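Working notes, beginning with the structure itself.
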Amino acid sequence: LRSFPSARPVQTVHDSVVIECDQPDAVTLAAEVKDAMESAMRRFCPAVTPRADVDIRTSLAEADILETVDPSE
């Protein structure tokens, strides 16, 4: 998160992470968080193919999803 001065972790629950940031940083930050989560999973569970679902929202509501980061990217 050091590369994103506005990024602040605001919530973690089980396997979910919520990070607040400036909207111009959201797509890049989402991709980096996705990569970090999948890399960690590969390290601790190498026999499992990791897949982190990542989306960008204006709030925690399902209706406020702006973009979903494609798992194949």
- Could you list the residues of the stretch 1-42 with an amide nitrogen less than 11 Å from a label point located 7 Å from the Cα of Leu60 in the Cα-to-C-beta direction? 10-13, 18
- Task: Please say if the stretch 1-43 is rounded, prolate or oblate, where rounded means a/c under 1.5 for a ≥ b ≥ c the square roots of the C-alpha gyration tensor eigenvalues, and otherwise the choice is prolate for a/b larger than b/c and oblate otherwise?
- Result: oblate
- Message: Once you keep just the Cα pairs under 8 angstrom separated by 6 or more residues, what percentage relative contact order results for the chain?
- Response: 20
- Task: Mind giving me the nanometre distance, one decimal, between the label points for Thr68 and Asp53, set 7 Å out from Cα along Cα→Cβ?
- Result: 0.8
- In Å², rounded to a whole number, the accessible area per residue of the chain with probe 1.4 Å is 77
- Task: Tally up the carbon and sulfur contribution to the accessible surface of the stretch 1-69 as a whole percent, 1.4 Å probe, everything protein left in place.
- Result: 52
- Message: Taking a virtual spin label 7 Å from the Cα of Val18 along the C-beta vector, which residues in the stretch 33-63 bring their backbone nitrogen under 12 Å of it?
- Response: 57-62
- Message: With +1 assigned to the C-beta of every Lys and Arg and -1 to the C-beta of every Asp and Glu, and no other charges, what is the dipole magnitude of the chain about the Cα centre in debye, to the nearest 20?
- Response: 400
- Task: Quick one: net charge around Val48, please, counting Lys, Arg +1 and Asp, Glu -1 for every other residue with C-beta under 14 Å from its C-beta.
- Result: +1
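The values are calculated or read from the model by the stated rules, or taken from the named source; none is laboratory data. Just so you know, these numbers come straight off a predicted model, no measurement behind them. Neighbour counts are summed over all protein chains in view; Cβ atoms, including those assigned to glycine, are modelled from backbone coordinates with ideal geometry. Keep in mind that these areas ignore ligands, DNA and RNA; they rest on the heavy atoms of the full protein, side chains included. Shrake-Rupley method; radii C 1.70, N 1.55, O 1.52, S 1.80 Å.
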